[in-house]
Each structure stands twice: as structure tokens, then as C-alpha cells.
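Here is the structure we will look at.
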Amino acid sequence: MNDIHGGLQTTGKFVMDQKTVTNAGGLARLGGYLDQSEQQFKKANKGGVTVRLQSGDMVGASPANSALLDDGPTLASLKAMHIQIGVLGNHEFDHGIGQFLVETKGQTPSTASLKNQQQIQAIKDYPFVNTGMKMLIANVLDKNTNKIPTGYSPYYIKKVTDPKTKQSVKVGYIGILNTNLPGIAKNYTLLDEATTIAKYDKVLRHKGVKAIVVLGHTGAVTQNGKTTGDAVNDIKKLDKIDPHNSVDIFFAAHSHQYANGIVNGVPVVQAGFQGKGYSDITGKLNVKTKDFDKKSLKAMVKPVYSLADDPKATFKNDQSFYTISDIINMANQRVAPIINTPVGSIQGGKTISNDLSANKESAAAYVVVDAQRNVANKEGHKTDIAVTSNDSIRSAMVADGAGKVTLGTLYDMQPYGNSQPIVEMTGQDIVDLLNEQYTKTQLYFLQISGLTYHFKPASNGNQIAEVSDVQVDGKDIDLGGTYRVLTNDYLSTGGDGYSAFTKGKIVDNAGQDIDLLTSYMQDNSPIPVPQLNRKIQG
């Protein structure tokens, strides 16, 4: 599995190249499907051995019922799913990988950085569990020691024994992390992915290990049958560095997409995000060659269907399903008082609408991007412009009768738990980005802070309108100049068709969307209702 992001109950669309599954997800059902797949495999392969893996971002950018408990419920769910080996993703660094390691061992994490006393007490009271996971990271070095961080290993060797013949084959697992993460690079040295894989592939082969699996928190996507992405590039580069490498399987992650392809003979898989699917690879180990039989490897990415879409999958006798359901119910009970806590208020005491105007502007979304730009700059993350899409803001900013806004409302507005990278872009890139809103196929519209523009209808192929008179902070945009644009991690990789972001370079990260908005509400309430005058027709 990959990129769970604390999605205990999160469901949604899972796009699998030519197939789309709706209402997919939920960790209880994921646990049930994992058990079901294992049972089916062992029924078809007497004496078969299974290993459950995760390729990073199990925690961080999480919904409230996990995030407010420092993702304790998610880690407990991983324990219930019997996940054995994992790699660090970038979000495991959110509160520090030392703290993450503490939690995986069942110890209560530090609450020193928190302000909400209810949350602090809830975390102290939460029964963290020892997950038993072996945690890997091969291409990250602590700058203080120039060594792999304490408590982590670059690889893990697991001996697989045939119960009939008692003969064994060693399987090696190497863990790597995407290096395009400037926020992490402040305290850690990030080594090239392919070079690192080549290094530890040789180490493993020297130890007699030829069956090698990479857990890579680096992206891949399969579209129209073609698989591309950083993981693909890593494999191709690895083959150039060492044509005799013994990597057999690559579990990808990070880009939150579907991938299932063969790259230079290596299966590459990724199962979306937030538990909407899981990757399932089967194969035979040859006791003579001490390696996988290449032709036996079969990769599948399977959706986690809703009960409505798979009514036979009730999991009524599945222990994982019921254990995780109990974990989720307990988490919901524990966070309920925190979610109902007021964090700010609105001038005039009225709800701020998330409806789009005729010019495709949302007042609620403008609160969000204004908050992000304000807090990012206040905390030293220089930001000229903040951008999100209307699809990223899922509800109005609802106020109660006294004009108060609760923490639960902020989570309702931003349920995805996005990280907020800052992308360095040219003025021309920004104009191109704005124009990408106005195509015949675009479904989502950018919501902007620090930026205004005009637009006029156009009939230029796929283009239905064109922007002009773009200004940044009241000054005409310099097409050759450089600007720092804060956005979410999904858009920064070209999501929703906004490919102009990929022309830029990620240079910083301002943190999590929910943290930025919460801080803004706490420091600036009562907040004003934004005017819808940033996109001007004519």
C-alpha cells in the first residue's frame, strides 16, 4: 500500500487508467481485502508466503480523526493489517522522523509544539501501539552525522522458507525517497535514488541476495497503457549504472496515481492514495538461482470497493475489518470535542460561501489562499502568490449563530490534508498557468491570492478565453521575472491539467493546509469576507 495519509474513512474516486471506481477506500475495507487476497493466494499456492509492505506517507496530511491524534489510529490500523516492512515518505518528516519512530514503537510522541490543550490531552491519552514495522530509508543522511538516521536501515533481508522442502531464499528490500523535497533537505542530505539503489543492490548481492524489491516513495503513473514518472526514470538510470543489477520489483508512491506497468522487465505499481486501492504482486522464488523466476511475476493493482459495489465483500468474519472499525470508532469519539472547538470568527457572523461566481471565483477559497500567503510569509516562507483550485476546497466556511468557526469546519473545507510546496516560476509560466483554466476540457478553476487579471473570450482551438493585464501585488507581471507561487502538492505536479506548474522548480514548503488556515483564523479573527474582484472579464 502507499500514501494512506491517515485516511481512516476517506472514500473517493480511484482512476485506474481506463477504469474508474467511485466511493473507493476506507481502511477497514482495505484490511478486509488484504486478508481476502492473502487467503486466495494461499489457497491456490499451498505453502505460499506473503509479505505486506508500505511505500511511504502512511501519516501526515491526514483527516481530523487521525491528524488530531498524531496519526495514532492510522498506525494502529497498520498493525491490524500486519504491515511488516515500510519506507519513509516525505510526510513522515512532518513532525520529525525521530518522533515518527517513537510512535511506531508504541510510545507517546511529544506534544511540545501544539497549542490546543484538548488535542494535547487527547494525544497523551491515546493508546499508541507498537506496529512492529521494519522501517527503511537508504538515500537520506542526517547532516549532523552524515549517516542514515538513527533507528532506520537502508535495506532489510527476509528469509523465505518452503514449508515442505525447508529450502530458503533470501529476499532483499531497499527503501528510497524522492529527492525533490527542499523542505526535508534543510536537515538531511538526499542522495540520488538510482545511484543509491545500485549501491545497495550490490551490497545485497554480495550477501547472497538476488531477489530484490524496491520500496520507492517516488512517483509513477500509467495512462493509456504507458507508464511514466520518476520511478520509471530511476529504473532506466539504474540499468545504465549497473546493467547487471538484480532489482525485480518496484513499488512506487508519492504521486497519488495509478500505475501498473513493466519497465525494463521490472513491474512498477502504485495504488492511488488514501487506501483507495492496493498493489498485489505474486511470483515464484527459485531455490537454485536464489532469485525470482522473472516470468512468474504477476502485478495487479486492485481497488478497495464500497460495499454497494462489492456486496459479497461484507468481511463479516474478518478480524482485521472489525479491529480497524473499532479503531476508527474510538478515534471519532476521542476527536469529537476537539473538532467542535471554535478557532476563529467571521466579520458580520455569516457563513462564507464556496459557490463559484460567474467569473469562477469562490469567497471561501479566497479565504484559504489569503491565509496561506499571509501565514507562509509570516513564518519565513517567502511567497508572492498563492494558488489553489476550487476542487481543493470542499465546503463553505460555516459560522454558527455567533459567527464562530470550528476546527471541524476547517477540516471540512480542506479534507485532503495537502502539503503546500512553493514553486519558483517565471512570469510567463504564471500567465500560461492562468490560461490553462480556460480550455474546453478544464473542469476546475484556480483561486488566487496576490494576483489579479482580466480575461476575454477566445476561439483559438481548445482555448475558450485568454488572460491579459496580469498584476502581482498591484504591479504588472514581469514575464521574464521570477516569482514564488505557493500551491498544493497535487497541483504542483501538474494535477487537474495545470502542467505549467511542472515548468517551475519546488524551492520550499510552507507546511500543511489545515495548519496554515488554523493559524490564520486564530491570529486574524474576525476575518473579513473576501471580495470577488480578482478575475475581471473584459
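The values are calculated or read from the model by the stated rules, or taken from the named source; none is laboratory data. Quick caveat: nothing in here was measured; it's all calculated off a predicted structure. With ideal geometry, Cβ positions are generated from the backbone for all residues, glycine too; neighbour counts draw on all protein chains shown.
Each row is one residue, and each column tells you yes or no for (1) in contact with a Pro (Cβ under 7 Å, 6 or more places away or on another chain); (2) buried (at least 22 other Cβ atoms within 10 Å of the Cβ); (3) among the polar types (S, T, N, Q); (4) more than 21 Å from residue 185 (Cα to Cα).
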{"residue": "473", "(1), (2), (3), (4)": "no, no, no, yes"}
{"residue": "488", "(1), (2), (3), (4)": "no, yes, yes, no"}
{"residue": "504", "(1), (2), (3), (4)": "no, yes, no, no"}
{"residue": "510", "(1), (2), (3), (4)": "no, yes, no, no"}
{"residue": "526", "(1), (2), (3), (4)": "no, no, no, yes"}
Within the stretch 172-188, how many residues turn out to be touching an Asp or Glu at 6+ places or on another chain (Cβ under 8 Å), of a type in the set (Ser, Thr, Tyr) and outside any loop (DSSP other than H, G, I, E, B)?
1
Some residue of the stretch 158-171 being within 25 Å of the chain's Cα centre (by Cα), assigned to a loop (DSSP other than H, G, I, E, B) and either at pLDDT 95 or above or surrounded by fewer than 16 Cβ atoms within 10 Å (Cβ to Cβ) (or both)
no
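Here is a yes/no grid of residues against (1) touching a strand residue (DSSP E or B) at 6+ places or on another chain (Cβ under 6 Å); (2) outside any loop (DSSP other than H, G, I, E, B); (3) in contact (Cβ under 8 Å) with a residue 60 or more places away in the chain:
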{"residue": "314", "(1), (2), (3)": "no, no, no"}
{"residue": "317", "(1), (2), (3)": "no, no, no"}
{"residue": "331", "(1), (2), (3)": "no, yes, yes"}
{"residue": "336", "(1), (2), (3)": "no, yes, no"}
{"residue": "357", "(1), (2), (3)": "no, no, yes"}
{"residue": "382", "(1), (2), (3)": "yes, no, yes"}
Applying the selection to the stretch 91-138, what residues are modelled with pLDDT under 90, outside any helix (DSSP H, G or I) and in contact with a Gly (Cβ under 7 Å, 6 or more places away or on another chain)?
94
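Having 2 or more residues that are aliphatic (A, V, I, L, M) and either over 30 Å from residue 350 (Cβ atoms) or not assigned by TED's automatic domain parsing to the domain that holds residue 398 (or both) is the bar; report the strands (runs of 3 or more DSSP E) wholly within the stretch 449-538 that clear it.
Numbers: elements: 451-460, 463-472, 482-486, 505-512, 535-537.
Qualifying strands (runs of 3 or more DSSP E): 463-472, 505-512.
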Single residue of 385, 393, 430 found to be crowded, with 23+ Cβ neighbours inside 10 Å and more than 30 Å from residue 7 (Cβ to Cβ):
430
The listed residue being closer than 27 Å to residue 49 by Cα and in the same structural domain as residue 58 (by TED's automatic domain parsing), out of 148, 137:
137
Of (1) surrounded by 24 or more Cβ atoms within 10 Å (Cβ to Cβ); (2) closer than 26 Å to residue 492 by Cβ, residue 201 satisfies all except one. Which?
(2)
Please verify whether residue 434 is at pLDDT 95 or above, closer than 16 Å to residue 359 by Cβ, under 27 Å from the mean Cα position of the chain (by Cα) and not small (Gly, Ala, Ser), treating the condition exactly as stated.
yes
